[in-house]
Structures are given as structure tokens and as C-alpha cells.
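Each remark here refers to the structure printed beneath this line.
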């Protein structure tokens, strides 16, 4: 069995995209939603309250509604949430394959089998490097992103350890073998204006920023100023696999120009 484990805040468009793309290679999604943002702000269980929208996937989604302890903020919230995904993994067989990343970190369906082959060859988790796009599907940054990790259940203790190694903040992937090619995409800060405002207040790096200033910077495509990622970005003529492009072109509001060419 292949299980995709990730966390959810309120990113419904990205969830729709994630499920549609991974549908071809994932058997089950384990989705965790906390009652607090990673910045510690109390929030409703948005997905639990709208789960009927996903009846198409009902028998394949395992939803964990997590009660995050009072007083937890920032890395405490994130690390506790990642580790708690183990609730959906405990019942799996040791040989079952788990991929863990964030909701906006999505592996290329055309490369997934070769990622698994590398895992089997080395008997270790695989670290997947992703092309990074910010605010728009054709707004590419000048850096890549260390994203999903793919492993069999017996290769790790919990998803927090799998994703970050021994660290609680920065990622340590020394326990992994690196996939030699770009394995997929990190589509970060893509969403409606209200979603952008919400993320500013919700995530660890930007919670003390002015949401309107961040949104204004994004609209000017000044993505470095928007979130201090210390990287620049530019509009590109990217190429997505046909099956992926077919899904992304349903969201013309998240492109600068138009849906890209297909492979």
C-alpha cells in the first residue's frame, strides 16, 4: 500500500489539486488537521466540516482531527502535528510505503516509480528535491526545495523524524538517499487573496508581517519582499506533464500568463 501523509490548514484549492494529481499513485491519504494554526491561533476544523465535498475519495481518506495543547506555538505546533500523523500509520504493514511532505509539495506521477526503485535499491528513505514555484504556477524561484520523503514504514519512527531528521527546525536529511533528478513541485503561497492573508497569520515565518503588505508584494510579483525567502523569482514558460497540466489549467487565476505547455 502507498500512503500519502500531510497536514491541512484551510487550503482547499491546493487540496483539490493534491488529491487529483496523486490519485494515480496513492492508495490512501492520511490528512491531519489541528485546532490551531502553526502560529498557535485557535481555528475550526475546516476540512472535517467540509468533508462531504470529498465523497469521491471517502474510502481513501483518513482524517485526523488533532487537539493541539494550549500554549503550543510555532515549531511546537508543527512538530507535534507531524509526529501525530503516526496515528494514521501505526496500522500499516512494515513494507507499506509512506510519502510525507506538506500539502503543497507534490511528487511528479511520472517519476514516482523510479523514486520507489531508489528506495528499494538502497534500503533507505529517499529525499526528493522539488522545483519551487511561488504565488503562481509559472512564477519560479531561483532555488530548489527539499520536499517530500518516501520510505517504508519500518525505516522511521514517526513522520516528524522522517521529514526533519534529528532537528526540530531546519531539515536534516542525512538519513536519506537523494533522488538525483527533480522529483516534483513545491507550489507555495498559491491561493486566493484571503488564503494569502490567512497564511501570513498562520505560518511560522510570516505571522508578524502585515497581511496587506505581503499580499501587495505578491501582486507586484516581488516575492522576495513578500516573505523574505532570500530568493528571487521570475515568470517562466514551464513544462508540466500532460496529466498534471490538465489539472492545473482548471485554475487560470493562479497563472501569470497561461497554462504551460505539456510534455
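None of the figures in this text is laboratory data; all of them are computed from the coordinates on show. Keep in mind that this is a model prediction, so the values were computed, not measured. Heads up, the Cβs are rebuilt from the backbone with ideal geometry, glycines too, and the neighbour counts pull from every protein chain shown.
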key: Within the stretch 140-180: backbone nitrogen closer than 16 Å to the residue 230 label point (7 Å, Cα to C-beta)   = 142-146, 169-172
note = Checked the stretch 128-263 against the a/c 1.5 cut and the a/b vs b/c comparison, axes a ≥ b ≥ c from its Cα gyration tensor; verdict oblate
ask   = Rounded to the nearest 5, what % of the DSSP beta bridges within the stretch 116-236 are antiparallel ones?
value = 55
query = What shape does the stretch 43-109 take by its C-alpha gyration tensor, where a ≥ b ≥ c are the square roots of the eigenvalues and a/c under 1.5 counts as rounded, a/b above b/c as prolate, and the rest as oblate?
reply = oblate
message = Can you match Rg and Dmax of the Cα atoms in Å to one of these, [x] 17.5, 49; [y] 19.0, 66; [z] 17.0, 52, based on a calculation from the structure here?
response = [x]
ask   = By counting other Cβ atoms within 10 Å of each Cβ, how are 38, 255, 145 ranked from fewest to most?
value = 255, 145, 38
